[in-house]
Amino acid sequence: MSLYDLAAMPDPGKSLLDLLKDTCDRLELEYAAYAGVNPIDNSMHAIVNYPDAWKDHYQRHALHQSDPTLIHSQRSQAPVHWDRLTDDPLYDKMFSRAHDFGIPDTGITIPVRGAFGDKGMLSVTRKMCIGGWHKHLLHILPRLQTEAALIHDAVMQKGAVMRAISAPSLSVREIEILQWSAAGKTQYDIADILSISARTVEVHMRSARHKLGALTTAQAVARAVGMGMIYPM
């Protein structure tokens with residue numbers, strides 16, 4: 001599963017980061033992180049106001065693939081309280097790393113479900129005793145759920161963001177095989193050209209079809225051309 005940093009985009013990323021900062025200021029929170037899942041290829045896009053050191057570490061080690069707060073939130077419609085995940089073996093592994101960067105484990109993740117199969121998750125945290133954290137949540141939870149929906153809608157309404165998250169994340173090899181397919185080459189031709197087995201070509205082609213939501217190779221080629229990922233020949 002790929003992870004795209006929305007903050008790396010031009011103006012839209014900056015305005016989304018401002019939304020997170022405003023949420024933290026209004027609700028007296030320390031950090032906030034929004035993560036969304038692309039329903040087409042299951043890649044993830046995110047915007048966070050965590051310290052850069054933790055953000056870099058998280059991305060470098062692809063921790064979104066083993067983050068229990070995200071894994072459980074993708075399966076839930078109700079808020080996911082982090083302190084209820086302690087039985088998950090991934091919990092200690094994740095937060096022992098997070099603590100090294102000053103990230104507290106007193107937090108909650110609010111799942112959001114969109115009308116088009118899109119998913120979003122807003123995670124917030126603040127360093128305080130567990131009793132104080134739960135008391136604080138009683139006051140802010142309804143507003144936090146509203147904030148989560150507003151931030152998710154803001155992400156989905158950004159044209160540049162939507163283009164980034166709707167474009168499937170194809171590998172270099174998948175694009176290469178689709179390009180040769182667009183040139184009229186058969187699976188066996190492509191295998192000879194790339195010096196790989198026909199079986200390997202089929203595996204990559206099947207993956208490309210799945211990511212593009214295509215039933216046939218012809219459909220996959222057409223969609224890849226339409227998205228500007230390959231050139232018509």
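Being of a type in the set (S, T, N, Q) and in contact with a Cys (Cβ under 9 Å, 6 or more places away or on another chain) narrows it down to one of THR106, THR86, so name that one.
After applying the criteria, what remains is THR106.
Quick one: would you say ALA220 is among the hydrophobic types (A, V, I, L, M, F, W, C) and touching a Leu at 6+ places or on another chain (Cβ under 9 Å)? Yes; evaluated as a whole, the condition is true for this residue.
Checking THR69, THR109, THR146 one by one, the residue that is in a strand (DSSP E or B) and either assigned by TED's automatic domain parsing to the domain that holds LYS21 or crowded, with 21+ Cβ neighbours inside 10 Å (or both) is THR109 and no other. The sole residue among ASP88, ASP100, ASP18, ASP25 that is modelled with pLDDT under 95, surrounded by fewer than 18 Cβ atoms within 10 Å (Cβ to Cβ) and more than 15 Å from the chain's Cα centre (by Cα) is ASP18. Just one of the listed residues (TYR231, TYR188) is among the hydroxyl-bearing types (Ser, Thr, Tyr), over 22 Å from the mean Cα position of the chain (by Cα), at pLDDT below 90 and over 23 Å from VAL112 (Cα atoms), namely TYR231.
I'm trying to understand the selection: among the residues of the range 198-220, which are in contact with a helix residue (DSSP H, G or I) (Cβ under 7 Å, 6 or more places away or on another chain), closer than 13 Å to PRO168 by Cα and not in a loop (DSSP other than H, G, I, E, B)? Result: SER207, ALA208, ARG209, LEU212, ALA220. Of the numbered conditions (1) in a helix (DSSP H, G or I); (2) within 22 Å of ASP100 (Cα to Cα); (3) at pLDDT below 95; (4) hydrophobic (A, V, I, L, M, F, W, C), ALA7 satisfies every one except a single condition; which is it? Here ALA7 meets the rest and fails (2).
Scanning the range 50-69 for residues that are charged (D, E, K, R) and touching a helix residue (DSSP H, G or I) at 6+ places or on another chain (Cβ under 8 Å) returns a single hit, ASP67.
I'm trying to understand the selection: among the residues of the range 181-197, which are touching a residue at least 40 places away in the same chain (Cβ under 8 Å), of a type in the set (A, V, I, L, M, F, W, C) and either part of a helix (DSSP H, G or I) or farther than 14 Å from TYR231 by Cβ (or both)?
Selection gives ALA182 alone.
The residues on offer are LEU178, LEU122, LEU141, and the sole one that is assigned to a helix (DSSP H, G or I) and assigned by TED's automatic domain parsing to the domain that holds SER73 is LEU141. Being among the charged types (D, E, K, R), over 21 Å from ILE140 (Cβ atoms) and touching a helix residue (DSSP H, G or I) at 6+ places or on another chain (Cβ under 9 Å) is a property that does not hold for ARG75. Mind checking whether some residue in the range 124-134 is touching a strand residue (DSSP E or B) at 6+ places or on another chain (Cβ under 7 Å), modelled with pLDDT of 95 or more and surrounded by 19 or more Cβ atoms within 10 Å (Cβ to Cβ)? Looking for residues that are touching a strand residue (DSSP E or B) at 6+ places or on another chain (Cβ under 7 Å), modelled with pLDDT of 95 or more and surrounded by 19 or more Cβ atoms within 10 Å (Cβ to Cβ), one finds at least one in the range 124-134, hence yes.
The values are calculated or read from the model by the stated rules, or taken from the named source; none is laboratory data. What you are looking at is a predicted structure, and each value in this text was computed from that prediction instead of being measured. We place every Cβ from the backbone using ideal geometry, glycine too, and count neighbours over all the protein chains shown.
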